[in-house]
Amino acid sequence: MYVCGITPYDATHLGHARTFVWADVAARVLRHAGADVRVCRNVTDVDDVLNQAAHRAGSPYDSFAAVQQYYFERDLDTLGVHAVDHQPRAHNHVRDVIALAQGLVTSGHAYVRDNAVYFHGAGVPALPGGEAHALLAEYGDEPDDPGKRHPFDVAVWRPSRSGEPAWPSPWGPGRPGWHAECAAMAMATFGPSLDLHAGGTDLRFPHHAYESAMAEALTGVHPFSRAWLHVGMVRRDGEKMAKSTGNLVLVSDLVSY
């Protein structure tokens, strides 16, 4: 089972925790039924929001992420969530993302432009065009970027902006795209396919759609995941619990209540 984990930039709230509690319950039920379950939960420690939070704190991104991850794991332990078997961190898999990008370019599923590698995404969206466009914009995939051949193309690799972490690549210094990170980490752990993929319902599109499409395009193995567990969002006062709405209940608040 691959579980989309945290971007370690802030405290864990109940919206985050719900996903990981349900994934843990699923793993326990499967083990009770006799299945041999290995769980991989990644850490997205290369990301725009993390870079911004680390900059505000005056801390290197990797040190800041490590501290936030410690608090996250402490919160999950308090909730009784079992430790996972694998916990890859995105910054340790940059080479895997570069290999993914090279393979997609070679097979014609991606192209290089302005020191970035874009995945051909015209055939990916399983949503009406307007809805797909809005979600791609919300999640930072820049559908209106004039440098792309199609609005639904997404970055597998992108050049780093000033002050951002950067790694050498055949296309110049840069960093992985979000969807490519999970595709690379999942394949590095389980190979070309897996039995169960878990994450919040808000990740169904674009993240899981593009993660799957990239992996399948690279390996030719379909489906990338044989089953999906999409965990519903926690709502408070009629709105999705999120930092942007200011309606958070932290795990630490719940425990101390």
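Rule-based calculations on the coordinates, nothing more; no lab input. On a predicted model such as this, the values are computed, not experimentally measured, just so you know. Cβ: placed from backbone, ideal geometry, glycine included. Neighbour counts: every protein chain shown.
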### Summary
Note to self: Kirkwood Rh of segment 46-126, Cα pairs, one decimal, Å, is 15.8 Å
### Query
What is the distance, in nm, between label points placed 7 Å from the Cα along the Cα-to-Cβ direction at ASP36 and at SER63?
4.3 nm
#### Entry: For LEU229, residues with placed amide H under 5 Å, excluding near neighbours
HIS197, ALA198, GLY199
### Query
In Å, what is the Rg of the alpha-carbon atoms in segment 2-256, and how long is Dmax?
17.9, 54
## Note on the structure
For the chain, the charge dipole (Cβ of Lys, Arg +1; Cβ of Asp, Glu -1; about the Cα centre) points to a positive end, and the Cα of TRP157, GLY220, MET233 closest to that extreme belongs to GLY220
#### Entry: Under Karplus coefficients 6.51, -1.76 and 1.60, residue-wise ³J(HN,Hα) of segment 222-229 in Hz, glycine/proline x
10, x, 4, 10, 7, 8, 10, 10
### Query
To the nearest Å, what is the center-to-center distance of segment 175-248 and segment 1-34, using C-alpha atoms only?
13 Å
### Message
For a quick check: with amide H placed at 1.01 Å from N, whose amide H comes under 5 Å from ALA110's, ignoring anything fewer than 5 positions away on the same chain?
### Response
VAL105, HIS120
### Summary
If the chain between ALA137 and MET233 were fully extended at 0.36 nm per residue, the gain over the current Cα-Cα distance would be 32.5 nm
